[in-house]
Amino acid sequence: MLAHEVKKWMGSGNAPFMISGPCSVESPEQFKSSVLPLIAHTDYVRGGIWKPRTRPGYFEGHGEKALQWVNALKEEYPFRFATEIATTEHVELALKHQVDMVWIGARTTVNPFQISELAEALQGTTIPVLIKNPIHPDLALWTGAIERCMKAGIHRLAAVHRGFHSYSKTTYRNPPLWQIPLDLKREFPNLPLICDPSHIAGERQWIGSISQQALDLNYDGLMIEVHHHPDQALSDPKQQLSPEAYVNLLNGLQKRTDHFEETLVQSQLEVLRESIDQSDQQWLDALATRMRSVKHIGKVKEAYNVAIFQPERWSTIFETRKEWAAELGLNEAFTSHLLRHIHEESIKLQTEIFQEAKESTNMHNE
Ligand code: PEP
Ligand code: MN
């Protein structure tokens, strides 16, 4: 797809292309109250009709009935409506009810068979199709989903960056890992890239800064969740903005074209720093897991009267890890240093376990 076509379907001008509205269409009243204050400030209104919940027992959307509520409101106050589709039945119903744009959610992008079925069901449609990144940081799955849709002849395509799940505790619900969408952009320079700061943040306090960062990185648009009573929302209550907060956010966004060079450097630094934060979190996590295993082994050694220090095991650890580290391009002296520190701490932890066991036996014998 050519860049000028993209600009045409995404609207033009300097304002970012906006998709905003509630996470889910909950009732005719909720939808109307959430959407009316937005219509003048958005290109498409979003609203979940079918909600893929990670665990059962939560609100899963009202389905076709909600599409009728949307259309009733559209007749009174014209706007363009976008929703998520995850099955071929959703596609059929969305097209039957003249939905203006659809997106494929993060939990669907992970499944190539499902993507192929959806792409086939969408064949011949002229509405835009957006593809969210998969839940986990796998660029190839995201690229693959885009290619499958392109092959099916879907022309009005865009990618949505909604962050990536992390098993360790993080500030954001889904850390952005900006490098991945930027790599996608390198592969598809003309594919519009939209940021979904709501699902990245998970909490409304971060949405403004993430939106600004996306614009600084030259994203084409934003998808933001807005609800007239965010705290009462049936899905994603913590990350939805009130309509007033949404309009304030839009007014506060800066187009930094005047300081392009400076902004670019700043954005690149932020991307790299985020990658460092992520790495540090991962190795600290791994270290904590290692130390838990060390303590566990300490207990086994104590119970079976095995000596704490096993020279053979230590020399195997030392040699193999040095090799692994060298293969990864790490400096040998640095790795040796680090390994000695870790080993020292492990011995200390196991010694403590032996001492505690001894003290408790003494207490019993007294
Ligand atoms: C959503 O947009 O409400 C949604 C469920 O998004 P994601 O697929 O990014 O989790
Ligand atoms: Mn949501």
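The values are calculated or read from the model by the stated rules, or taken from the named source; none is laboratory data. Note that the structure is a prediction, hence the values are computed from the model and not measured. As a convention, Cβ positions derive from the backbone with ideal geometry for all residues, glycine included, and neighbour counts pool all protein chains shown.
So which residues in the stretch 265-295 are over 17 Å from Ile200 (Cα atoms) and β-branched (Val, Ile, Thr), if there are any at all?
Val265, Ile276, Thr289, Val294, listed by residue number.
Taking the options Lys255, Lys299, name whichever one is surrounded by 11 or more Cβ atoms within 10 Å (Cβ to Cβ), in contact with a Leu (Cβ under 8 Å, 6 or more places away or on another chain) and either at pLDDT 85 or above or not in a helix (DSSP H, G or I) (or both). Reasoning before the result, please.
Details: Lys299 fails: in contact with a Leu (Cβ under 8 Å, 6 or more places away or on another chain).
Only one candidate passes the filter, namely Lys255.
Determine whether the stretch 156-163 contains at least one residue that is away from ligand 2 (no atom under 16 Å from the Cβ) and surrounded by fewer than 17 Cβ atoms within 10 Å (Cβ to Cβ). Explain how you work it out, then say what you get.
Start the filter on the stretch 156-163 by keeping residues that are away from ligand 2 (no atom under 16 Å from the Cβ), which leaves 156-159.
Filter once more, so that each one left must be surrounded by fewer than 17 Cβ atoms within 10 Å (Cβ to Cβ): none.
There is no residue in the stretch 156-163 that is away from ligand 2 (no atom under 16 Å from the Cβ) and surrounded by fewer than 17 Cβ atoms within 10 Å (Cβ to Cβ).
Can you tell me how many residues in the stretch 276-321 are β-branched (Val, Ile, Thr) and either more than 17 Å from Gln355 (Cβ to Cβ) or touching a strand residue (DSSP E or B) at 6+ places or on another chain (Cβ under 7 Å) (or both)? It would help to see each step written out before you state the result.
Our first condition is that a residue be β-branched (Val, Ile, Thr); within the stretch 276-321, this holds for 276, 289, 294, 297, 300, 306, 308, 316-317, 320.
The next check asks that each one be either more than 17 Å from Gln355 (Cβ to Cβ) or touching a strand residue (DSSP E or B) at 6+ places or on another chain (Cβ under 7 Å) (or both); those that pass are 276, 289, 316-317, 320.
Number satisfying all stated conditions: 5.
Give the residue that is farthest from ligand 2 (Cβ to nearest atom), with candidates limited to residues of the stretch 95-143 that are in contact with a helix residue (DSSP H, G or I) (Cβ under 7 Å, 6 or more places away or on another chain) and charged (D, E, K, R).
Out of the qualifying residues, it is Glu117.
Part of a helix (DSSP H, G or I) and at pLDDT below 90, is that true of Gln350?
On the way: part of a helix (DSSP H, G or I): yes; at pLDDT below 90: no.
When the stated conditions are applied, Gln350 does not pass them.
Take Gln239 and tell me if it is under 18 Å from Pro176 (Cα atoms), surrounded by 14 or more Cβ atoms within 10 Å (Cβ to Cβ) and either at pLDDT 95 or above or within 16 Å of ligand 1 (Cβ to nearest atom) (or both).
Answer is yes for this residue.
Since Gly57 meets every condition but one in (1) on the phi > 0 side of the Ramachandran plot; (2) touching a residue at least 24 places away in the same chain (Cβ under 8 Å), which condition does it not meet?
Result: Gly57 fails condition (2) only.
For Pro78, state whether it is in a loop (DSSP other than H, G, I, E, B), out of contact with any strand residue (DSSP E or B) (no Cβ under 6 Å at 6 or more places or on another chain) and over 19 Å from Ala233 (Cα atoms).
On the way: in a loop (DSSP other than H, G, I, E, B): yes; out of contact with any strand residue (DSSP E or B) (no Cβ under 6 Å at 6 or more places or on another chain): yes; over 19 Å from Ala233 (Cα atoms): yes.
Considered against the rule, which asks whether it is in a loop (DSSP other than H, G, I, E, B), out of contact with any strand residue (DSSP E or B) (no Cβ under 6 Å at 6 or more places or on another chain) and over 19 Å from Ala233 (Cα atoms), Pro78 comes out as yes.
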